[in-house]
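The values are calculated or read from the model by the stated rules, or taken from the named source; none is laboratory data. Bear in mind that the values here come from a model prediction, so they are computed numbers and not experimental data. Please note: Cβ atoms are built from the backbone with ideal geometry, for glycine as well, and neighbour counts cover all protein chains shown.
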Amino acid sequence: MRQTQTAMLHYAAPPVVGGVEAVIQAHARVLVENGYPATVIAGRGAAEALPAGAGFVRIPEVDSLHPVIARASTALAQGQVPPDFAALTARLAGSLGPILCQFDVVIVHNVFTKHFNLPLTAALYRLLDAGDLRHVIAWCHDLTWTSPHSRSLVHQGYPWDLLRTYRPDVSYVAVSRQRQQELATLLGCPVGRVRVVYNGVDPGALLGLSSVGQDLATRLGLWASDLNLLMPVRVTRAKNIEFSLRVMAALKAPDYGPRLVVTGPPDPHDTESMAYFRSLQALRRELGVEAEVRFVAELGPDPAQPFTIEASVVGDLYRVSDVMFMPSHREGFGMPVLEAGLAGLPVVCAASVPAAREIGGADVIAFDAQQDPVQLAERIRTWAERDPVHRLRRRVRQQYTWPAIFGRGIRPLLDRGPRDAM
């Protein structure tokens, strides 16, 4: 099946540094990763600065800082339409038309609502009037007509009025509910004709994850989870992993999906260690928490050979987890308590662990290893629901990463036409 061919148009593209340019970079990456061919069209930028697989077309006069465009903008800011405005518009329409007509979707960032290149805005209107563009999305980050900083740079009449003219053949996107209302009021259209698609965050880049760590986080379902508990331990009876499985069974609910990740493997050469591991797998099935409790050891290509990860990848998992959980029967020291402290994770730990008792003190959530797992689960859930840092972290990773934004907000726009995209 042929995938939607998408173009993104803006004055500039990476490596130019700017908020819109960063969004274009993210859009290009998430489009390519999801199999949507993407091409960036700009007046400045470089193909090598874009994600692998994204195309790049440079049209110099699309740049708001192109000398000819800059001269026109200076006159327009003073309320004067330069004599060559029509010629500039025709030239840009002539350059853009043969390129943009090849795409199923053209996402235009800011050009329909900002004054930085009004000949470009007018050229797009000309191509729309001629029916040369299939589906245009006006991605509106900023609005000149309502901005206290740039409102004085636009004036009554043509071409400034283009920046506040509603077109039913264009899909409008705003980056916040506030901007949605502002844009709908400016255009004089129903607010429902402006779709809100928030900006997102790249969690792997922000958290500094290795490729292995990012892949593990995705395979383990940590981005969609309501609560990520990390057990950075080997699979041995001293770690009391069966207790953690029962805690997870109590935490699990129809409206709540936690994850527990055990990072270390059993000893494949120790029959007792392997027997314990198999008993944990059986208990996991019995408790119905196979999706919620994950052993990194199971994720390798050979089921008979436990998969192991380096300490640096364990560090990645610390950064995507919410709680370090350590219900050990016994520990000589309890190094994960220190690691979690440095990583900024709350520690939920058996009170008998020396590092928790002697170093963590009142700053860890300590419990008796003989405690009822249901009671401990309630305690953990109560903490999670009351802690504002955790609540925001959970909301962002579930709803506002770029993959989540793509699935919920961008893909529907690409797969629909302008009149049914709302």
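Restricting attention to the stretch 335-371, the residues that are buried (at least 23 other Cβ atoms within 10 Å of the Cβ) and assigned to a helix (DSSP H, G or I) add up to 4.
Between ALA42, ALA47, the distinction of being over 16 Å from ALA138 (Cα atoms) and at pLDDT 95 or above belongs to ALA47 only. State all residues of the stretch 82-113 that are within 16 Å of VAL170 (Cα to Cα) and not β-branched (Val, Ile, Thr); if no residue qualifies, say none. Of everything in the stretch 82-113, those that are within 16 Å of VAL170 (Cα to Cα) and not β-branched (Val, Ile, Thr) turn out to be LEU100, CYS101, PHE103, ASP104, HIS109, ASN110, PHE112. Checked against the criterion of being in contact with a His (Cβ under 8 Å, 6 or more places away or on another chain), surrounded by fewer than 23 Cβ atoms within 10 Å (Cβ to Cβ) and either part of a strand (DSSP E or B) or at negative phi (or both), the stretch 100-115 contains one or more residues that satisfy it. None of TYR166, TYR125 is farther than 23 Å from TYR198 by Cα and either assigned by TED's automatic domain parsing to the domain that holds GLN78 or of a type in the set (S, T, N, Q) (or both) except TYR125. Going by the structure shown, is GLY360 over 31 Å from the mean Cα position of the chain (by Cα) and on the phi > 0 side of the Ramachandran plot? In short, no.
The residues on offer are GLY43, GLY53, and the sole one that is under 30 Å from ASP84 (Cβ atoms) and touching a Pro at 6+ places or on another chain (Cβ under 9 Å) is GLY43.
Which of the residues belonging to the stretch 396-409 are part of a helix (DSSP H, G or I), surrounded by 15 or more Cβ atoms within 10 Å (Cβ to Cβ) and either touching a helix residue (DSSP H, G or I) at 6+ places or on another chain (Cβ under 7 Å) or at pLDDT below 95 (or both)? Residues satisfying the conditions are ARG397, TRP402, PRO403, ALA404, PHE406.
With a requirement of 3 or more residues that are within 27 Å of TYR400 (Cβ to Cβ) and more than 19 Å from the chain's Cα centre (by Cα), the strands (runs of 3 or more DSSP E) lying completely within the stretch 2-82 that satisfy it span 6-12, 38-44.
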